[in-house]
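Okay, structure first, notes after.
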Amino acid sequence: MSGLKLRNVKKSFGAVHVIKGVDLDIEDKQFVVFVGPSGCGKSTLLRMIAGLEQISSGDLFIGDKRMNDVDPAQRGIAMVFQSYALYPHMTVRENMGFALKFAGRPKDEIARRVDEAARILELGKLLDRRPGQLSGGQRQRVAIGRAIVRHPDVFLFDEPLSNLDAELRVHMRIEIARLHKELNTTIIYVTHDQVEAMTLADKIVVLRDGIIEQAGSPLELYDDPDNLFVAGFIGSPK
Ligand code: ADP
Ligand code: MG
């Protein structure tokens with residue numbers, strides 16, 4: 001794995017053009033944050049990268065390999081959603097191990113990976129509980145755990161904290177920054193929250209109506225926004 005490249009990526013649903021030609025370079029281990037108004041195409045872009053949505057035209061590369069037609073399970077990518085439905089009848093351990101069990105991995109390997117994720121996420125004492133016995137923040141950590149056990153090269157997060165209250169969001173934001181350091185992986189993260197974007201990102205990508213308005217480091221975008229739209233999202237007014 002050495003970075004992700006999107007080249008003139010487009011997506012239409014029927015006659016509706018949702019992504020209108022996106023070019024983007026993401027370096028290995030970078031923390032990239034997508035921001036932009038509701039409906040601008042953030043989730044659609046993530047879903048195309050994950051392989052959950054077909055790319056209409058253009059190319060997606062991971063390293064040198066063109067990924068457009070590669071099966072989602074073979075891409076080395078794991079996605080954490082905003083609405084993280086855990087299986088209510090399974091324990092935390094079973095929830096985290098489920099995808100590996102489904103893929104036919106040996107029991108001892110599953111146990112090892114779940115224990116490793118539980119350590120990283122400080123869920124060790126909760127492994128035998130069911131989702132109903134967890135707080136919102138703990139449930140969100142289990143959802144992240146389900147991604148970690150797969151040892152992906154790239155994590156995709158689609159507004160993972162938007163269902164949490166303000167205090168918990170701050171706590172989880174710090175946790176996610178720590179996670180990025182500890183796992184040493186590439187993260188693409190969608191958020192509405194300017195503070196999350198500014199504090200987490202190596203690179204911020206500002207989207208509007210299916211195109212990239214501007215991409216750069218938080219400081220670049222803050223100090224030197226290309227236009228008022230970007231300034232309104234993250235910068236100081238020009
Ligand atoms: P965001 O995540 O930035 O809020 P989305 O990527 O979810 O935006 O959606 C971008 C646009 O694409 C929206 O106008 C949405 O209605 C449309 N869209 C998303 N998925 C579909 C779909 N499966 N069929 C038709 N239109 C869709
Ligand atoms: Mg979305």
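The values are calculated or read from the model by the stated rules, or taken from the named source; none is laboratory data. Bear in mind the structure is a predicted one, so any value in this text is a computation, not a measurement. A quick note on method: Cβ atoms are made from the backbone with ideal geometry, for glycine too, and the neighbour counts reach across all protein chains shown.
Observations, loosely collected:
- Selection from the stretch 124-144 of residues that are in contact (Cβ under 8 Å) with a residue 40 or more places away in the chain and either over 18 Å from Arg178 (Cβ atoms) or basic (Lys, Arg) (or both): Arg130, Pro131, Gly132, Leu134, Arg139
- Residues within the stretch 152-197 that are more than 16 Å from ligand 1 (Cβ to nearest atom) and part of a helix (DSSP H, G or I), tallied: 19
- Considering the stretch 197-215, the residues that are among the charged types (D, E, K, R) and within 18 Å of the chain's Cα centre (by Cα) include one that is surrounded by the most Cβ atoms within 10 Å (Cβ to Cβ), namely Lys203.
- Residue pairs meeting the criteria (Cβ under 9 Å; at least 6 apart or on separate chains; first on the phi < 0 side of the Ramachandran plot, in the stretch 58-71; second in a strand (DSSP E or B) and of a type in the set (S, T, N, Q)): Asp59/Asn8
- A count restricted to the stretch 74-94 and to residues that are more than 29 Å from Asp28 (Cα to Cα) and either in contact with a Leu (Cβ under 8 Å, 6 or more places away or on another chain) or among the aromatic types (Phe, Trp, Tyr) (or both) stands at 4.
- Considering the stretch 14-48, and only residues there that are of a type outside the set (D, E, K, R), within 15 Å of the chain's Cα centre (by Cα) and away from ligand 1 (no atom under 12 Å from the Cβ), the residue that is surrounded by the fewest Cβ atoms within 10 Å (Cβ to Cβ) turns out to be Gln30.
- Condition check for Ile234: within 14 Å of the chain's Cα centre (by Cα) and at pLDDT below 95: no
- Single residue of Ser135, Ser162 found to be polar (S, T, N, Q) and either more than 22 Å from Ser38 (Cβ to Cβ) or surrounded by 22 or more Cβ atoms within 10 Å (Cβ to Cβ) (or both): Ser135
- Among residues of the stretch 145-165 that are on the phi > 0 side of the Ramachandran plot, those with a beta-carbon under 8 Å from a residue that is surrounded by fewer than 22 Cβ atoms within 10 Å (Cβ to Cβ) and at pLDDT 90 or above at least six positions away or on a different chain give the pairs His151/Arg113.
- Gly3 vs. criteria under 22 Å from Pro152 (Cα atoms), at pLDDT below 95 and more than 18 Å from the chain's Cα centre (by Cα): no
- For the stretch 199-209, the criterion of being more than 15 Å from ligand 1 (Cβ to nearest atom), outside any strand (DSSP E or B) and not aliphatic (A, V, I, L, M) is satisfied by at least one residue.
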